Amino acid sequence: MCLVGGASLGKALFSRVSPYVAGFVGVDGGADHLLKAGIAPEAVVGDLDSLSSRARATFSDRLFEVAEQSTTDFEKAVTRVEAKGLIAIGFTGGRIDHALSVLNVMARHRDRPIFLLDEADVSWVLSGADVAFDLPKGTRVSVMPLGQAQVTVTGLVWPFADQAMSPDGFTSPSNAAIGGAVTVAADGPVLITVPQAHLPDVVQAVVPAK
């Protein structure tokens, strides 16, 4: 399932993610992106304070208002949409506090993969498991901790083993593949980011087979 937020996004992202999702869910004002693209969402979730009157009327039969203010709209959707994996678009760019809150939710809800996608990159959180995927030589790979973690990485220009990582300690932004298999193992929340073009590779590596 694809969650669609209200931040700026290109229309091409819809066609990019369509092969990997069963449908779309508007997250508050993200429903207006779906309305503009001519896509009927499975549901519209959130406190709905950013939803336009036109989208509210068009999707009136599928609105799920969650009025409480202790969680963000992104977390409201993540905790209510059932799927073995989620792709999230329209949640990057703009205010940095909004972006940080999205990463906070991804770090705390690691029971299934959540792929955060924008025009440039795809990011997801790895924790308590190993992942391996093939990348061409020189492909940018960032490994950024969202909490305390011991991390082992191979297949990169700057590999490391059993390295303690934390947001205020060691990080590995803008590393690069040497060509071939890249492996990452972590016992805590680590955000992996690669160019968006490699979405098929990471989905195949991360999402469990049926």
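The values are calculated or read from the model by the stated rules, or taken from the named source; none is laboratory data. Bear in mind the structure is a predicted one, so any value in this text is a computation, not a measurement. Cβ atoms come from the backbone with ideal geometry, glycine included; neighbour counts cover every protein chain shown. Ligands, DNA and RNA are excluded from the accessible area calculation, which covers all protein heavy atoms including side chains. Shrake-Rupley method; radii C 1.70, N 1.55, O 1.52, S 1.80 Å.
Condition check: under 22 Å from C2 (Cβ atoms), open to solvent by less than 40 Å² (accessible area, probe 1.4 Å) and assigned to a strand (DSSP E or B). Does L199 satisfy that? It is false that L199 is under 22 Å from C2 (Cβ atoms), open to solvent by less than 40 Å² (accessible area, probe 1.4 Å) and assigned to a strand (DSSP E or B).
Scanning region 76-89 for residues that are at pLDDT 95 or above and within 12 Å of the chain's Cα centre (by Cα) yields V78, L86, I87, A88, I89. Flag not set for G179, criterion: touching a residue at least 40 places away in the same chain (Cβ under 8 Å) and surrounded by 15 or more Cβ atoms within 10 Å (Cβ to Cβ). Taking region 30-99 as the region of interest, the helices (runs of 4 or more DSSP H) fully inside it that hold 1 or more residues being touching a residue at least 60 places away in the same chain (Cβ under 8 Å) are 30-37, 73-78. Scanning region 85-137 for residues that are of a type in the set (V, I, T) and more than 15 Å from V207 (Cα to Cα), we see that the one that is surrounded by the fewest Cβ atoms within 10 Å (Cβ to Cβ) is I96. Scan region 115-141 for residues that are within 13 Å of the chain's Cα centre (by Cα) and among the aliphatic types (A, V, I, L, M) and the total you get is 6. Of everything in region 32-51 that is within 23 Å of Q196 (Cβ to Cβ) and among the aliphatic types (A, V, I, L, M), the residue that is surrounded by the fewest Cβ atoms within 10 Å (Cβ to Cβ) is A37. Filtering region 130-156 to residues that are assigned to a strand (DSSP E or B), in contact with a His (Cβ under 8 Å, 6 or more places away or on another chain) and at pLDDT 95 or above leaves only L135.
Exactly one residue among S50, S15 is at pLDDT below 95, closer than 20 Å to V203 by Cα, hydroxyl-bearing (S, T, Y) and out of contact with any strand residue (DSSP E or B) (no Cβ under 7 Å at 6 or more places or on another chain), and that residue is S15.
Of the residues examined, F74 is one that is under 26 Å from G147 (Cα atoms) and crowded, with 18+ Cβ neighbours inside 10 Å.
If you go through region 168-188 and keep only what is in contact with a strand residue (DSSP E or B) (Cβ under 8 Å, 6 or more places away or on another chain), part of a loop (DSSP other than H, G, I, E, B), closer than 21 Å to N104 by Cα and at pLDDT 95 or above, you end up with G169, F170, T171. Within the set V17, V21, V25, the sole residue that is within 24 Å of E119 (Cα to Cα), open to solvent by 20 Å² or more (accessible area, probe 1.4 Å) and touching a Cys at 6+ places or on another chain (Cβ under 8 Å) turns out to be V21.
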